[in-house]
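Only one structure is covered here, and it is reproduced in the block below.
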Amino acid sequence: MNNAQKYWQANIRLVIGCLLVWFFVSFGCGILFVNQLNAFRLGGYQLGFWFAQQGSIYIFVALIFFYAWRMNQLDKKFNVEEA
Amino acid sequence: MSNLMITTYLVVGATFALYLYIALKSRAKNTGEFYVAGKGIHPVLNGMATGADWMSAASFISMAGMLAMGGYDASAYLMGWTGGYCLLAMLLAPYLRKYGKFTVPEFIGDRFYSQTARLVAIICLIVASLTYVIGQMKGIGVAFSRFLELPFEVGLVIGMAIVFVYAVLGGMKGVTYTQIAQYVVLIFAYTVPAVFISIQLTGNPLPQLGLGATLSGSEGVYLLDKLDKMVVELGFTAYTSQKGSTLDIFLLTMSLMIGTAGLPHVITRFFTVPKVKDARSSAGWALVFIAILYTTAPAVGAMARLNLMNTVQTGEIGAPEGNLAMDARPQWMHNWEKTGLLGFEDKNGDGKIQYYSDNGLSAAEAGLAKALKEGGDVTAAQAKVDEAAAKHAESKFAGFGWKGNEMTKVDNDIMVLANPEIARLPNWVIALVAAGGIAAALSTAAGLLLAISSSISHDLLKSMLAKNIDDKTELLYGRIAMGGAILLAGYLGLNPPGFAAQVVALAFGLAASSIFPAIMMGIFVKRMNSAGAICGMLAGLGSTLLYIFWFKGFMFIASTAMAPDNAANWLFGISPGSFGAVGALINFAVAFAVSSFTKAPPEHIQHLVEDIRVPRGAGAAQDH
């Protein structure tokens, strides 16, 4: 496998990891398990409701910056970054 | 002229002067600056412009109202319209920036080496963008007519003239800088009243925390608990609990996410940054700026609902003196009744207003009135009223002498606009909200018009019809196309086709079922060929259109609907607005099936795909 293919594979692994988190916080915590999570509380918020209306959005933001940061590292590691 | 009007004129006029000044300062000189701002916009500023581009009149005006009335179920819009940015950042933006051209159809046409694919993409883009623009134009007209008390038509024409000047002159460069200013105006206008109201109710200045805090002077009762208790006592479902089916909420969220990532005017924004790595972080910055509004909206919605209920239900539920007297309605109610977006009817003649859930009695009565007026099935409508009335007679509300919900009309859209008035905030805050609503509508309209004009002048004219035109002529055509698009959008705004409100589902459905899958497979599936991509797009598009039209009527002519638009008829309970995700799935499936038994794409296309996957070698603005 050449360098570009290895870089691509690392990229795909990173994207899948990030999208698993993306799916878990929104579709998982915010929709599928919302009733179970609502048994717990975060201040005045029921936890599932908080994920649906606040938490998932914060985590989305963090995820994109994490992805951008890791990709910049991968660009350097595989020596494919822009001049 | 009242004080409020003078303040509003001053604030709105000042923002307009600012937009025009920016437009004159940043005129586009070549096609690169016109289409993609010369690819020289800093990622943070680009993120801010993307935020203004994305947050339309719907985000600014409608979303908090949907939350106020829908409670938990409206979370689909919050997660859907933000989660799409993750898909954009990880699956599309950096690769499209590396590819380094001007438009979305250009990428699809080149990657699938097919003018047919490009044409399908152009059609999807124009239909999705145009339907979206109509809504913005209408929003501008409404904001003007409510706040400046100008006729709807005059307001719309002023709005068109402003967009015309800065979008036609400045192109993407002018639009980008104007959008940055518009973002500042709109976010300020949204958060300032929210902060005031949050302090009033909870003492906490951050609305995001205020929503989870205890009410002031309540000895530790949480705001959301109080709201839940109140709506349940009045017969509604609890604010924080789920009403719709899980499958439908799931698919609606998914459709909105995929649709967001596939909307061309948003994608184009990532062509304007200097580098591939900037495209990644710029999506993050865009979401930061969007999240400021989107995490405030739930607080605005819940607090507006609580304020509204407290205004009407002044005392104990069921007590004779527990409700607001008809004659004692505050000024803001009178103002909004004039617009027809708010309405009351004293059904039991006690001179007071009761706002509660009468389990469909009011809806059944409205149905009967409609049947009598327009000549529907009166017997069936009467039977429904009788059934609902019998049910209502057994409820505790009948025991109070209540005869049905008396707040007969409360439009979601008034929540944000009336909010400062409900909370009795100073005039300058109300003026600011007007300027913010107009900024949100203008910035989105400009972005969409730019996407439309570039696909006409660049994709249709330059690449298909008149291949030999030079840069200067193309720029001229771009400006003419933009002017034409503004006139058409203005015309449709003045004479909205009856379906203006429903087409949002269509715009997202198209973007989700056709554009997003095509681009994604173009990047991630090297083996995907033109036959697969075209069949996939057509299948996704066709199935989504068919499903929407089946329930809404062909071309939205209601009488041609094949089945009534309700949950009993929907396939697996999937509403037409949520079908985009299924359409996208069909697109993927068909594309893979067709490409597996047709020829692999030619060598140079496979090289192209390998090339866009690595950042190195991304040039500055390049043309063809």
Would you check if B:Val154 is more than 14 Å from every other protein chain (Cβ to nearest Cβ) and surrounded by fewer than 18 Cβ atoms within 10 Å (Cβ to Cβ)? yes
Which residue pairs have Cβ atoms under 9 Å apart, sit 6 or more places apart or on different chains, and have a first residue in segment B:275-287 that is at the interface with another protein chain (Cβ under 7 Å from one of its Cβ atoms) and a second that is of a type in the set (Gly, Ala, Ser) and not in a helix (DSSP H, G or I)? B:Lys275/B:Ala618; B:Val276/B:Ala618
Can you name the residue in segment B:163-221 that is within 14 Å of chain A (Cβ to nearest Cβ) and polar (S, T, N, Q) and, of all such residues, is farthest from the chain's Cα centre (by Cα)? B:Ser218
Might you check whether a residue that is modelled with pLDDT of 85 or more and assigned to a helix (DSSP H, G or I) occurs anywhere in segment B:404-427? no
Tally the residues that are at the interface with chain B (Cβ under 7 Å from one of its Cβ atoms) and under 27 Å from B:Leu206 (Cα atoms), restricting the search to segment A:3-33. 5
Picking from B:Gly244, B:Gly235, B:Gly259, B:Gly322, the residue that is more than 9 Å from chain A (Cβ to nearest Cβ) and on the phi > 0 side of the Ramachandran plot would be B:Gly235
For segment B:56-88, name all the residues that are more than 12 Å from chain A (Cβ to nearest Cβ) and either outside any helix (DSSP H, G or I) or modelled with pLDDT of 90 or more (or both). B:Ser56
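Is it the case that B:Ile126 is in contact with a Ser or Thr (Cβ under 7 Å, 6 or more places away or on another chain) and surrounded by fewer than 24 Cβ atoms within 10 Å (Cβ to Cβ)? Outline the logic, then answer.
Values: in contact with a Ser or Thr (Cβ under 7 Å, 6 or more places away or on another chain): yes; surrounded by fewer than 24 Cβ atoms within 10 Å (Cβ to Cβ): yes.
So B:Ile126 fits the description; yes.
For every residue, the table says whether it meets (1) of a type in the set (A, V, I, L, M, F, W, C); (2) under 27 Å from the mean Cα position of the chain (by Cα); (3) part of a helix (DSSP H, G or I); (4) surrounded by fewer than 22 Cβ atoms within 10 Å (Cβ to Cβ).
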{"site": "B:Ala431", "(1), (2), (3), (4)": "yes, yes, yes, no"}
{"site": "B:Thr444", "(1), (2), (3), (4)": "no, yes, yes, no"}
{"site": "B:Asn468", "(1), (2), (3), (4)": "no, no, no, yes"}
{"site": "B:Gly484", "(1), (2), (3), (4)": "no, yes, yes, yes"}
{"site": "B:Leu492", "(1), (2), (3), (4)": "yes, yes, yes, yes"}
{"site": "B:Gly522", "(1), (2), (3), (4)": "no, no, yes, no"}
{"site": "B:Met537", "(1), (2), (3), (4)": "yes, yes, yes, no"}
Of the residues in segment A:67-83, how many are free of Cβ contacts under 8 Å to residues at least 60 places away in the same chain, within 18 Å of B:Gly284 (Cβ to Cβ) and more than 9 Å from every other protein chain (Cβ to nearest Cβ)? 2
Looking only at segment A:36-57, count every residue that is surrounded by fewer than 20 Cβ atoms within 10 Å (Cβ to Cβ) and either in contact with an Asp or Glu (Cβ under 7 Å, 6 or more places away or on another chain) or at the interface with chain B (Cβ under 7 Å from one of its Cβ atoms) (or both) and tell me the total. 2
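Being modelled with pLDDT under 85, surrounded by fewer than 16 Cβ atoms within 10 Å (Cβ to Cβ) and more than 27 Å from the chain's Cα centre (by Cα) narrows it down to one residue among B:Leu372, B:Leu368; which is it? Before you say what the answer is, go through the steps one by one.
Details: B:Leu368 fails: surrounded by fewer than 16 Cβ atoms within 10 Å (Cβ to Cβ).
Sole residue among the options that is modelled with pLDDT under 85, surrounded by fewer than 16 Cβ atoms within 10 Å (Cβ to Cβ) and more than 27 Å from the chain's Cα centre (by Cα): B:Leu372.
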List the number of the failed condition for B:Arg269; all other conditions in (1) under 30 Å from A:Glu81 (Cα atoms); (2) at the interface with another protein chain (Cβ under 10 Å from one of its Cβ atoms); (3) touching a Phe, Trp or Tyr at 6+ places or on another chain (Cβ under 9 Å) hold. (2)
If you check A:Ile57 against the conditions, is it free of Cβ contacts under 8 Å to residues at least 12 places away in the same chain, within 12 Å of the chain's Cα centre (by Cα) and over 20 Å from B:Ala297 (Cα atoms)? no
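Looking for something in contact with an Asp or Glu (Cβ under 9 Å, 6 or more places away or on another chain), part of a helix (DSSP H, G or I) and facing another protein chain (nearest Cβ under 9 Å) - is there at least one such residue anywhere in segment B:290-307?
Going residue by residue through segment B:290-307, those that are in contact with an Asp or Glu (Cβ under 9 Å, 6 or more places away or on another chain) are none.
No, the conditions are met nowhere in segment B:290-307.
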Restricting to segment B:540-550, and then to whatever is over 21 Å from the mean Cα position of the chain (by Cα) and surrounded by fewer than 22 Cβ atoms within 10 Å (Cβ to Cβ), can you tell me which residue is farthest from B:Phe588 (Cα to Cα)? B:Trp550
A:Ala62 meets each of (1) out of contact with any Gly (no Cβ under 8 Å at 6 or more places or on another chain); (2) part of a helix (DSSP H, G or I); (3) facing another protein chain (nearest Cβ under 7 Å) with one exception, condition (3)
Considering only segment A:12-22, how many residues are more than 8 Å from the chain's Cα centre (by Cα) and farther than 13 Å from B:Ala89 by Cβ? 3
Selection within segment B:19-35 - closer than 25 Å to B:Ser282 by Cα and part of a helix (DSSP H, G or I): B:Tyr19, B:Ile22, B:Ala23, B:Lys25, B:Thr31, B:Gly32, B:Glu33, B:Phe34, B:Tyr35
Single residue of B:Tyr77, B:Tyr9 found to be among the hydroxyl-bearing types (Ser, Thr, Tyr), surrounded by fewer than 24 Cβ atoms within 10 Å (Cβ to Cβ), under 24 Å from B:Pro193 (Cβ atoms) and assigned by TED's automatic domain parsing to the domain that holds B:Ile267: B:Tyr77
Among the residues of segment B:36-55, which ones are aliphatic (A, V, I, L, M), at negative phi and part of a helix (DSSP H, G or I)? B:Val36, B:Val44, B:Leu45, B:Met48, B:Ala49, B:Ala52
Provide a single number: the residues in segment B:279-337 that are in contact with a strand residue (DSSP E or B) (Cβ under 6 Å, 6 or more places away or on another chain) and surrounded by fewer than 16 Cβ atoms within 10 Å (Cβ to Cβ). 1
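Could you tell me which residue of segment B:308-340 is farthest from B:Leu4 (Cα to Cα), considering only residues that are part of a helix (DSSP H, G or I) and polar (S, T, N, Q)? Spell out how you get there, then give the answer.
Step one: of segment B:308-340, the residues part of a helix (DSSP H, G or I) are B:308-312, B:326-328, B:331-339.
Among the residues that remain, those that are also polar (S, T, N, Q) are: B:310-311, B:331, B:335, B:339.
Numbers: B:Asn310: 26, B:Thr311: 23, B:Gln331: 13, B:Asn335: 13, B:Thr339: 18 Å.
Ranking the qualifying residues of segment B:308-340, first place goes to B:Asn310.
The values are calculated or read from the model by the stated rules, or taken from the named source; none is laboratory data. None of the values given here were measured: they were computed from a predicted structure. Counting neighbours? That spans all protein chains shown, and the Cβs are built from the backbone with ideal geometry, glycine included.
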